[in-house]
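Working notes, beginning with the structure itself.
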Number of protein chains: 2
Amino acid sequence: MSDQQTRHKADVRKEGDRELRIERVFDAPRDVVFKAFTDPELIAQWWGPRGTETVVDEVDFRTGGDWRFVSRDSDGGETAFRGTFREVVAPERIAWTFEWDGMPGYVSVDINEFEDLGDQTRIRTRSLFHLPEERDGMLDAGMESGMQESYERLDELLAKQA
Amino acid sequence: MSDQQTRHKADVRKEGDRELRIERVFDAPRDVVFKAFTDPELIAQWWGPRGTETVVDEVDFRTGGDWRFVSRDSDGGETAFRGTFREVVAPERIAWTFEWDGMPGYVSVDINEFEDLGDQTRIRTRSLFHLPEERDGMLDAGMESGMQESYERLDELLAKQA
């Protein structure tokens, strides 16, 4: 168990040439964390880096269902992300595809395992890319800092719910 | 140059744990072969194994455009395939994503290079998968024999056009 004062941070590392492995602990039970990933009203409150507003256009939360989020920045600029849920096993595992409107056809997969640690939950994510340059391009585009911010927003949402 | 009697066959080999490399020669100039991959009326005449009928529902042939084919077997059963053109550089290269309706979210990428051999054309394809089991599952499902039949049908179409 981490100290209450500890700020959690996602551990991000490259695995092979086309994959990332990410681990992050959250201070809430697994059911609560899982719900924050699946409830459209909750997703809209934490998804995306600070300064962006996320509109959940679609979340068909089942294996084979589609999702689409529109992200609005402070200048009113909009961009959209979408994908398909490849696998949904509540409250243990969600795998989805991820595609940004700006690069159609560049599809990554996130396989997320929710590990029950009692009062905490560890999410282990495998992010899979088709080519090394897709993975490295995502990192170069600031994916990691965006994710860290988004997860901090999720920490804040979970604290409010506690 | 191959003998007129030679029957071409695609060479299919595994590369690493998530990729296939395919090479196939066709007895027609590059412009002609490239057109057979891009013209909906021609695609419908060779795409898919023997005994199936392909209806080209959509071919938005440009970078970022979508495609969707419906395949009908002799019993009238239908299944659909779809994807996005990631890159279109006529007459040299086409890269598309490939997804079968039966397994939504399992997206592979084919990067096809059309090599000009004068009266012949060589297509080199990299097929990229997110996980080893996706590649091996595609092979187990008979992807190679289906592709060989489809390419034989393309040989026949090209011979008719000559």
Whole-number percent relative contact order across chain A, with pairs defined as alpha carbons under 8 Å at least 6 apart: 26 percent
Cα gyration tensor category, rounded, prolate or oblate, for the protein assembly as shown with a/c compared to 1.5: prolate
Interchain or long-range residues, amide H under 5 Å from A:Glu58's placed H: A:Arg68
Gap separating the Cα centres of segment B:9-49 and segment A:74-112, nearest whole Å: 30 Å
Share of Cα-Cα pairs in segment B:5-67 lying beyond 17 Å, as whole percent: 60 percent
Rounded if a/c under 1.5, otherwise prolate or oblate - chain B, Cα gyration tensor axes: rounded
Charge context of A:Gly102, other residues only, Cβ under 12 angstrom, K/R +1, D/E -1: -2
Reachable lysines, given that their alpha-carbon falls under 30 Å from the alpha-carbon of B:Lys9 and they are not under 8 places away in the same chain: B:Lys35, B:Lys160
Using a Förster distance of 30 Å, the FRET efficiency for A:Val55-A:Leu117 (Cβ separation, nearest 0.05): 0.40
Residues with amide H under 5 Å from that of A:Glu115, placed H, sequence gap 5 or more: A:Arg122, A:Ile123, A:Arg124
Inter-site label distance for B:Gln161 and B:Glu87 at 7 Å from Cα along Cβ, in nm: 2.3 nm
Calculated P(r) of segment B:43-131 - Cα pairs past 18 Å, %: 52 percent
A from B by rotation - nearest chain B beta carbon to the axis, in Å: B:Val107, 2
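Bear in mind these aren't lab numbers, they're just calculated from the coordinates by the rules spelled out. Keep in mind the model is a prediction, meaning the values are calculated, not measured. Cβ atoms come from the backbone with ideal geometry, glycine included; neighbour counts cover every protein chain shown.
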